[in-house]
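Reading through the structure tokens given below for one structure.
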Ligand SMILES: Nc1ncnc2c1ncn2[C@@H]1O[C@H](COP(=O)(O)OP(=O)(O)OP(=O)(O)O)[C@@H](O)[C@H]1O
Ligand SMILES: [Mg+2]
């Protein structure tokens, strides 16, 4: 019997991000305990891909994002970006947090330029670049406003512009819309997709919100309850561009049911079911 020739695929592109068997522990000084927050997580993300991390509260999503950002050390396994091990924060990544954390004494322009200043860019080009991204996030004309003169959604746009202006390869977004009202959140999701398709960055987006995860993503990685493992990675085969009304289509609702089932199973293990998930 002859065996089929082993087909070795050459020239496969290196994934943008590879997390391999990543475990993360926190040391609790008071009790001298090692607390396992993330357990054996493996995930690959391609260049330009949009992947959401979905899971119950406390399962380690922020911990994982911080490790990718190089802020939290990993106990076991490895995280690589373009094949290079992550050991510290770098210009190739930018984090967008839940609350905008803008400098109140700086204007919109000043806040966006601040991101560039932190990278050591202070030339005239910085001003032009900041202006370009302020326009991209739909805030042209608001360059000289101060954060307290903006709505929550506008502040979050400034936050996004600041992250994008630094030209990262990977955008790390940790529940960036969690503090917004439901309607603004919907529009910000659509805005984020528009900006993402224009900027073509690799994006990792943490959320509790199942609908948001489906609407935005190429794939949704569902985490188990703590210590977080990846329970399943669900590809979202919905066409792009995605209008908001896609959320009412049957295919969308099927994804919602599938993910809801997974999350329900995990959240019920934690006894924190109500806080842990939102359906819409
Ligand atoms: N600095 C820390 N020291 C000790 N334990 C921590 C620390 N940060 C997080 N943890 C613990 O690690 C686990 C994961 O926390 P993490 O913030 O990553 O969860 P999460 O999935 O982002 O939760 P949420 O959805 O509520 O934001 C939690 O049990 C938390 O108590
Ligand atoms: Mg978190």
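The values are calculated or read from the model by the stated rules, or taken from the named source; none is laboratory data. Being a predicted model, the structure only gives us computed values, none of them experimental. Using ideal geometry, Cβ is built from the backbone for each residue, glycine included, and neighbour counts are taken over all protein chains shown.
Candidates are the residues of segment 166-178 that are in a loop (DSSP other than H, G, I, E, B) and more than 13 Å from ligand 2 (Cβ to nearest atom); the one that is surrounded by the most Cβ atoms within 10 Å (Cβ to Cβ) is 177. In segment 224-276, which residue that is modelled with pLDDT of 95 or more and assigned to a strand (DSSP E or B) is nearest to residue 35 (Cα to Cα)? So, considering only residues that are modelled with pLDDT of 95 or more and assigned to a strand (DSSP E or B), the one nearest to residue 35 (Cα to Cα) is 230. Scanning segment 45-70 for residues that are within 19 Å of residue 201 (Cβ to Cβ), part of a loop (DSSP other than H, G, I, E, B) and within 16 Å of ligand 2 (Cβ to nearest atom) yields a single hit, 69. The condition (being farther than 19 Å from residue 196 by Cβ, without any contact (Cβ under 8 Å) to a residue 24 or more places away in the chain and surrounded by fewer than 16 Cβ atoms within 10 Å (Cβ to Cβ)) is satisfied by just one residue among 70, 110, 125, 83: 125.
Conditions (1) more than 25 Å from residue 269 (Cα to Cα); (2) away from ligand 1 (no atom under 15 Å from the Cβ); (3) at pLDDT 95 or above, marked per residue:
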site: 19; (1), (2), (3): yes, no, yes
site: 24; (1), (2), (3): no, no, yes
site: 29; (1), (2), (3): yes, no, no
site: 32; (1), (2), (3): yes, no, no
site: 55; (1), (2), (3): no, no, no
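Here the condition is being farther than 13 Å from residue 163 by Cα and more than 16 Å from ligand 2 (Cβ to nearest atom); of 128, 111, it holds for 128 alone. Contact map, segment 213-230: first residue touching a residue at least 40 places away in the same chain (Cβ under 8 Å), second residue within 12 Å of ligand 1 (Cβ to nearest atom) and in a loop (DSSP other than H, G, I, E, B), Cβ cut-off under 6 Å, separation 6 or more or different chains; pairs are 223/55; 223/59; 225/56; 225/59; 226/58; 226/59; 228/59; 228/60.
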